[in-house]
Amino acid sequence: MKLYNSLSRKREKIEPHEPGVIRMYTCGPTVYHYAHIGNLRSYIMEDVLERHLRFIGYDVIRVMNITDVGHLSSDADTGEDKMLEGAKREQKSVMEIARYYTDAFFQDSEKLNIKKPDIVENATDCIDTYIEIIDGLIKKDYAYFEGGNVYFDTSKLDKYFVFQDIEADDLDVAVREGVVEDPNKKNPNDFVLWFTKSKFEDQALKWDSPWGVGYPGWHIECSGISLKHLGEYLDIHCGGVDNMFPHHTNEIAQSESYLGHKWCKYWMHIHHLNTTDGKMSKSSGELLTVSQLIEKGYDPLAYRFFCLQSHYRKNLVFSYENLDNAVQAYEKLIGRIARLEGEPKLHKESEEKAERLMGEFIDAMNSDLNTALAMSSLYDVLKEDIHDESKLYLLNEFDKVLALDLLKKAEEERQKAETQEENPEVEALILKRHDAKKNKDWALADKIRDNLKAKGIILKDTPEGTTWEYE
RNA sequence: GGCGCCAUAGCCAAGUGGUAAGGCGUGGGACUGCAAAUCCUUGAUCCCCGGUUCAAAUCCGGGUGGCGCCUCCA
């Protein structure tokens, strides 16, 4: 398959370091708050990538970190540890907060059919690995100790800005208001590997190290966890675009300096979910969680459908109008599938057509994860002149990658329709309405229909008679 | 200011040189007493201006606009 690689800014054919096996790393959540649906968009797209790689025959080993060590919440000097902030807000310990939001993250993920990665690792459980890497970097002279902290020396690199064509001199450091340069740094782009001299006095979690009691810098976490579980050669590293710089840039700097060779081949960056005003982010305050979506009556999988209809490298604008659009499409699609008869089974005479349809689907996914195009394969299947069972078979196959619970939902829909015989009260009313209609008493007939609707029961008049189902 | 991504119908979008897939919505029709559901049907000078070419949404140049990053964010 081909994937757009942020390093080369081109679509590249995926060729893993070890044939047949993809080692994949995902930047996980910082567990100080609920993930919002913008965060989750990234995980949905990464999940689809993983599923597709497996679908086309790769073994995938996927690792995700859980950031349970604090990061600064605003800037270097006035900032407060995020985890601590969460803890203060809720009057719980940092570890309690971390556990609570980690659980919440995976619960939300599950609702969105995001498969839990093979290995999920807490940042706080890998301190030894970070220390080993930092130690190695100091020995190789890529890092220095200054003012109580260990810094990575970016001047030792041939090319630091791997994702952009920029000269260090062109880059304004600390352009944002309130960001103050750290006088300990030899170069403006140097970054901290290990803090002992905390600028925030109340950093809650600290560990012993050769450089004193302290805690790791943000970037070392992902390098360490990836190295620990995936070894020296990583195939695909995923994350949101906003982490491209500095986080991913710094990961590469550290990891490759430490290892002495190229580390990760492909970098996949998922673009943001925007509101009509801009990025949905924790700092802008405008964010929506999965629970809130459910409270508003949305099926989380309709949100997944919404994301898959777009492309991961495109800004997607969230609005209720757009979500409702996706909800309609999703429900209609399920309705059509529910009307197919039989069990998923590929019929011999459908094989040729099925192969073509399957090929189209895989081609779309192979083409830089073109989920929008792949989704249209679902409609192609429904329209194709093949046996219903073959359609169900194909839909089921596609859904292994899309994970929209298509057949499951369709089955639920069918069962809903079958519950009608079990409610004599409703049956009686339908009969009464039938009589009213016969007598052309439209007022009474409509009243019965409206009353039932108020109870969440929808009547359907068909040539064979009236059926009903719950809304 | 520097760097990057993007720009196709009301909305979500596919399409990388040969004359605009698909989906949702809307309008019309069939069915219905009326609705709902379902089925049929309906829509685009591809952000602008130049250029290359027999031929450009697609390539090149120049604009405009939106979004992001520049040490908190996926």
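The values are calculated or read from the model by the stated rules, or taken from the named source; none is laboratory data. These numbers come from a predicted model, not from an experiment. All Cβ positions, glycine included, derive from the backbone under ideal geometry; neighbour counts span all protein chains shown.
Residues are listed down the side, and each one gets a yes or a no for (1) under 24 Å from A:Asp299 (Cβ atoms); (2) touching a residue at least 60 places away in the same chain (Cβ under 8 Å):
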residue: A:Ile362; (1), (2): no, yes
residue: A:Met375; (1), (2): yes, yes
residue: A:Tyr379; (1), (2): yes, no
residue: A:Lys391; (1), (2): yes, no
residue: A:Leu395; (1), (2): yes, no
* Asked: Which of the residues spanning region A:6-31 are touching a residue at least 12 places away in the same chain (Cβ under 8 Å), within 11 Å of RNA strand B (Cβ to nearest atom) and more than 18 Å from A:Ile362 (Cβ to Cβ)?
  -> A:Ser6, A:Thr26, A:Cys27, A:Gly28, A:Pro29, A:Thr30, A:Val31
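Is it the case, given these coordinates, that A:Pro183 is farther than 18 Å from A:Pro216 by Cβ, modelled with pLDDT under 85, touching a Ser or Thr at 6+ places or on another chain (Cβ under 9 Å) and in a loop (DSSP other than H, G, I, E, B)? Walk me through it before giving the result.
Details: farther than 18 Å from A:Pro216 by Cβ: yes; modelled with pLDDT under 85: yes; touching a Ser or Thr at 6+ places or on another chain (Cβ under 9 Å): no; in a loop (DSSP other than H, G, I, E, B): yes.
Considered against the rule, which asks whether it is farther than 18 Å from A:Pro216 by Cβ, modelled with pLDDT under 85, touching a Ser or Thr at 6+ places or on another chain (Cβ under 9 Å) and in a loop (DSSP other than H, G, I, E, B), A:Pro183 comes out as no.
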* Per-region count, region A:391-419, residues of a type in the set (Ser, Thr, Tyr) and within 22 Å of A:Arg51 (Cβ to Cβ) -> 1
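Scan region A:35-74 for residues that are in a loop (DSSP other than H, G, I, E, B) and surrounded by 20 or more Cβ atoms within 10 Å (Cβ to Cβ) and report the count. Step through it out loud before you land on a result.
Within region A:35-74, the first condition is being in a loop (DSSP other than H, G, I, E, B), and the residues that meet it are A:35, A:56-58, A:68-71, A:73-74.
Going one step further and asking which of them are surrounded by 20 or more Cβ atoms within 10 Å (Cβ to Cβ), we end up with A:35, A:68-70.
Counting residues in region A:35-74 that are in a loop (DSSP other than H, G, I, E, B) and surrounded by 20 or more Cβ atoms within 10 Å (Cβ to Cβ) gives 4.
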* Structure fact -> Exception for A:Ile337 within (1) closer than 30 Å to A:Ile14 by Cα; (2) in contact with a helix residue (DSSP H, G or I) (Cβ under 7 Å, 6 or more places away or on another chain) falls at (1)
* Can A:Ser350 be described as surrounded by fewer than 19 Cβ atoms within 10 Å (Cβ to Cβ) and at pLDDT below 95? -> no
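Out of A:Glu421, A:Glu411, A:Glu321, report the one residue that is modelled with pLDDT under 95, part of a helix (DSSP H, G or I) and over 32 Å from the mean Cα position of the chain (by Cα).
Working: A:Glu411 fails: over 32 Å from the mean Cα position of the chain (by Cα); A:Glu321 fails: over 32 Å from the mean Cα position of the chain (by Cα).
Only one candidate qualifies: A:Glu421.
If you check A:Leu287 against the conditions, is it modelled with pLDDT of 95 or more and either surrounded by 17 or more Cβ atoms within 10 Å (Cβ to Cβ) or polar (S, T, N, Q) (or both)?
Details: modelled with pLDDT of 95 or more: no; either surrounded by 17 or more Cβ atoms within 10 Å (Cβ to Cβ) or polar (S, T, N, Q) (or both): yes.
In short, no.
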* Note down all Cβ pairs under 9 Å where the first residue falls in region A:457-468 and is farther than 14 Å from A:Glu427 by Cα and more than 8 Å from RNA strand B (Cβ to nearest atom), the second is aliphatic (A, V, I, L, M) and modelled with pLDDT of 80 or more, and they're at least six residues apart or on different chains. => none
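Look at region A:304-344 and say how many of its residues are away from RNA strand B (no atom under 16 Å from the Cβ) and among the acidic types (Asp, Glu).
Filtering region A:304-344 down to residues away from RNA strand B (no atom under 16 Å from the Cβ) leaves A:342-344.
Now narrow it down to the ones that are among the acidic types (Asp, Glu): A:343.
Total satisfying the criteria: 1.
If you check A:Leu333 against the conditions, is it under 27 Å from A:Tyr312 (Cα atoms), over 25 Å from the mean Cα position of the chain (by Cα) and part of a helix (DSSP H, G or I)?
On the way: under 27 Å from A:Tyr312 (Cα atoms): yes; over 25 Å from the mean Cα position of the chain (by Cα): no; part of a helix (DSSP H, G or I): yes.
When the stated conditions are applied, A:Leu333 does not pass them.
If you check A:Asn370, A:Asn451, which single one turns out to be free of Cβ contacts under 8 Å to residues at least 60 places away in the same chain, in contact with a helix residue (DSSP H, G or I) (Cβ under 9 Å, 6 or more places away or on another chain) and within 25 Å of A:Ala302 (Cβ to Cβ)? Walk me through it before giving the result.
Values: A:Asn451 fails: within 25 Å of A:Ala302 (Cβ to Cβ).
Exactly one residue qualifies, and that residue is A:Asn370.
Taking A:Tyr100 as the residue in question, decide whether it is surrounded by 21 or more Cβ atoms within 10 Å (Cβ to Cβ) and of a type in the set (Ser, Thr, Tyr).
Numbers: surrounded by 21 or more Cβ atoms within 10 Å (Cβ to Cβ): no; of a type in the set (Ser, Thr, Tyr): yes.
No: the conditions fail for A:Tyr100.
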* **Which listed residue is over 22 Å from A:Gly335 (Cα atoms), near RNA strand B (Cβ under 10 Å from one of its atoms) and among the basic types (Lys, Arg), from A:Lys440, A:Lys453** => A:Lys440
* Structure fact -> Note: among A:Lys432, A:Lys437, A:Lys460, just one is surrounded by fewer than 19 Cβ atoms within 10 Å (Cβ to Cβ) and not in a helix (DSSP H, G or I), namely A:Lys460
* Pair list, Cβ < 7 Å and 6+ apart or interchain, from region A:125-146 residues that are over 11 Å from A:Lys228 (Cα atoms) to residues that are in a helix (DSSP H, G or I) and among the small types (Gly, Ala, Ser) -> A:Leu137/A:Ser257; A:Lys140/A:Ser257; A:Tyr142/A:Ser257
* Hey, among the residues in region A:345-379 that are within 13 Å of RNA strand B (Cβ to nearest atom) and in a loop (DSSP other than H, G, I, E, B), which one's farthest from A:Met1 (Cα to Cα)? -> A:Asn370
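When only residues in region A:87-112 that are in a helix (DSSP H, G or I) and of a type in the set (Gly, Ala, Ser) count, which is farthest from A:Cys27 (Cα to Cα)? Full working, then the answer.
Kept after step one, since they are in a helix (DSSP H, G or I), are these residues of region A:87-112: A:87-90, A:94-111.
Among the residues that remain, those that are also of a type in the set (Gly, Ala, Ser) are: A:87, A:98, A:104, A:109.
Details: A:Ala87: 22, A:Ala98: 16, A:Ala104: 17, A:Ser109: 14 Å.
That would be A:Ala87.
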* Members of region A:92-140 that are within 21 Å of A:Ser291 (Cβ to Cβ) and of a type in the set (S, T, N, Q) -> A:Thr102, A:Gln107, A:Ser109, A:Asn113
